[in-house]
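Following: one structure in structure tokens, then a few remarks.
The values are calculated or read from the model by the stated rules, or taken from the named source; none is laboratory data. Small disclaimer: the values here were computed from a predicted structure and weren't measured. Virtual Cβ from ideal backbone geometry, glycine too; neighbours counted across all protein chains shown.
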Amino acid sequence: MSNKLLLLTTIAGLLIPVTSAFAHHAFAAEYDDKKPITLMGTVTKVEWMNPHVFFYIDVKDADGKVTNWRGEGGNLSTLMRRGWRKDSLKIGETITIEGSASKTGQPFVNARTVTRPDGQKLFAGPAGGEEAR
Amino acid sequence: MNRKIAVTFTALSLALLMAGAGYGQGRGEQPPSYTPTVTPWEKLPDWSGVWQMVGPTIFDTATQTGKGGSVDIGVREHPPFNAQWEAEYQKSLAKRDAARLPDVISNCGVPAGWPRMFNLPDPYEFVIRPEQFWILTENGPNVMRVYTDGRKHLEDQWETYTGDSVGHWEGDTLVFTTIAAKGNRDGDVLLDRTGLVLSDKAHATTRMRKTDANTIEVVLTIEDPKALTKPWVVTKHFRKLALGTRIYDYGCAENNRNPVDEKTGKTLVLDPNGKPLNLD
């Protein structure tokens with residue numbers, strides 16, 4: 001395989017998961033409201049983007065293994081009305097997410113609430129479902 | 001001015017003028033065949049502000065019993081579907097229960113359509129003008145127009161997402177009829193996430209009024225000779241949000257990368273594993 005082909009194949013490979021991750025799904029297609037989950041972790045990235053906000057946290061399990069979880073919130077306009085701003089979550093701060101876990105077992109959570117270190121609760125809102133967006 | 005430039009300028013100006021005239025009259029646009037009758041501003045009610053639909057995004061809560069709806073598996077009585085459409089609805093409910101029901105508006109690429117316009121999350125604005133009434137939704141975003149200037153429905157209207165609506169004011173109540181909505185003919189207009197659908201022959205009379213300072217009531221009487229055995233009356237309520245509430249730009253389609261199926265041209269709705277839900 002030529003270097004150019006290898007490069008193109010690598011880029012294509014990188015694009016596939018991005019496509020899958022950002023496609024806009026109904027809540028019910030991606031998350032299971034019968035799988036409530038609470039996670040505490042350190043914020044590594046915030047994507048203040050349409051159609052929904054995404055934020056990522058490193059969560060350490062009992063064995064010390066760290067997994068980067070993706071939290072999904074509601075649309076930006078709803079978050080704005082609820083008091084969120086694009087810099088509400090700070091990189092490196094520890095937050096707690098309560099929400100519904102992914103149906104597929106991937107480290108994805110649909111966040112209902114996010115609790116900051118000072119106890120402030122941010123209501124992320126479901127990214128679909130009963131109040132579908 | 002150089003003569004050659006002057007001639008060219010004149011020719012271009014004439015061409016533009018002719019093109020403008022042609023756009024208005026030569027391509028099928030007809031001058032109005034009615035005498036506009038508008039309700040003066042002072043006789044129109046005040047529906048200003050920002051509004052939110054009351055309750056979850058269940059199109060008709062009166063047809064539902066028990067907990068559930070668009071996400072949970074719920075018990076539901078049914079709209080007055082005939083046997084054929086009831087059978088189709090049962091298939092949709094089964095898909096909903098398995099989280100396999102494609103809901104195309106989750107792609108954000110097509111309008112929510114009528115009558116789902118009355119069943120959206122996020123705020124609404126109801127804009128009253130003497131000659132038109134507009135429903136603006138943040139979600140989508142979507143726009144629906146109701147002409148209130150005395151015009152009739154277009155006789156040759158093709159079926160569209162929001163159809164064709166004309167109406168009038170009866171005191172403080174807006175009464176309008178909607179026809180020529182495409183319904184679920186192309187598989188992309190649901191009424192809610194249980195898979196409720198109507199046909200491209202559905203039409204309705206809608207009555208909207210303010211029942212108190214903070215509530216707007218919408219009563220739709222829907223008829224559908226293809227799908228329903230009798231008129232289906234659905235009531236929706238909208239509550240006024242706090243003074244100063246803003247409606248924001250919602251670029252729902254931004255960052256959506258749902259692929260298009262090469263064979264059908266359909267935008268695919270994907271499940272979490274990236275497999276299409278709407279190629280059945």
Query raised in the report: Among all residue pairs at least 6 apart or on different chains, which show Cβ distances below 8 Å where the first residue, located in the range B:97-109, is at the interface with chain A (Cβ under 7 Å from one of its Cβ atoms) and the second is part of a loop (DSSP other than H, G, I, E, B) and surrounded by fewer than 16 Cβ atoms within 10 Å (Cβ to Cβ)?
Result: B:ASN107/B:ALA253; B:CYS108/B:ALA253
Report summary line: Going through (1) out of contact with any helix residue (DSSP H, G or I) (no Cβ under 9 Å at 6 or more places or on another chain); (2) within 23 Å of B:GLU138 (Cα to Cα); (3) within 14 Å of another protein chain (Cβ to nearest Cβ); (4) in contact (Cβ under 8 Å) with a residue 40 or more places away in the chain one by one, A:MET80 fails only at (4)
Query raised in the report: Is at least one residue of the range B:113-123 in a loop (DSSP other than H, G, I, E, B), small (Gly, Ala, Ser) and either away from chain A (no Cβ under 14 Å) or farther than 16 Å from B:GLY251 by Cβ (or both)?
Result: yes
Report summary line: The correct count of residues that are touching a helix residue (DSSP H, G or I) at 6+ places or on another chain (Cβ under 9 Å), within 26 Å of B:VAL127 (Cα to Cα) and in contact (Cβ under 8 Å) with a residue 40 or more places away in the chain in the range B:207-234 is 3
Query raised in the report: Take the residues of the range B:79-96 that are more than 14 Å from every other protein chain (Cβ to nearest Cβ) and out of contact with any Leu (no Cβ under 9 Å at 6 or more places or on another chain): which is nearest to B:ASP186 (Cα to Cα)?
Result: B:GLU88
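Conditions (1) modelled with pLDDT under 90; (2) closer than 10 Å to A:THR42 by Cα; (3) not polar (S, T, N, Q), marked per residue:
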| residue | (1), (2), (3) |
| --- | --- |
| A:GLY73 | no, no, yes |
| A:LEU76 | no, no, yes |
| A:GLY83 | yes, no, yes |
| A:ASP87 | no, no, yes |
| A:GLY92 | no, yes, yes |
Report summary line: Exactly one of B:LEU136, B:LEU154 is surrounded by fewer than 21 Cβ atoms within 10 Å (Cβ to Cβ) and within 14 Å of chain A (Cβ to nearest Cβ), and that one is B:LEU136
Query raised in the report: Among the residues of the range B:185-194, is any more than 14 Å from chain A (Cβ to nearest Cβ) and β-branched (Val, Ile, Thr)?
Result: yes
Query raised in the report: Can you tell me which of B:ARG145, B:ARG193 is crowded, with 23+ Cβ neighbours inside 10 Å and either closer than 20 Å to B:PHE238 by Cα or of a type in the set (A, V, I, L, M) (or both)?
Result: B:ARG193
Query raised in the report: Would you call B:LYS95 surrounded by 15 or more Cβ atoms within 10 Å (Cβ to Cβ), among the charged types (D, E, K, R) and over 19 Å from B:LYS201 (Cβ atoms)?
Result: yes
Query raised in the report: So how many residues does the range B:245-271 have that are surrounded by 12 or more Cβ atoms within 10 Å (Cβ to Cβ), more than 10 Å from chain A (Cβ to nearest Cβ) and polar (S, T, N, Q)?
Result: 1
Report summary line: Only unsatisfied item for B:ALA242, checking (1) small (Gly, Ala, Ser); (2) over 19 Å from the mean Cα position of the chain (by Cα); (3) surrounded by 21 or more Cβ atoms within 10 Å (Cβ to Cβ), is (3)
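Conditions tested, residue by residue: (1) assigned to a loop (DSSP other than H, G, I, E, B); (2) crowded, with 17+ Cβ neighbours inside 10 Å; (3) at positive phi; (4) not β-branched (Val, Ile, Thr).
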residue	(1), (2), (3), (4)
B:ARG185	yes, no, no, yes
B:ASP188	yes, yes, no, yes
B:ILE222	no, yes, no, no
B:PRO225	yes, no, no, yes
B:LYS230	yes, no, no, yes
B:ASN273	yes, no, no, yes
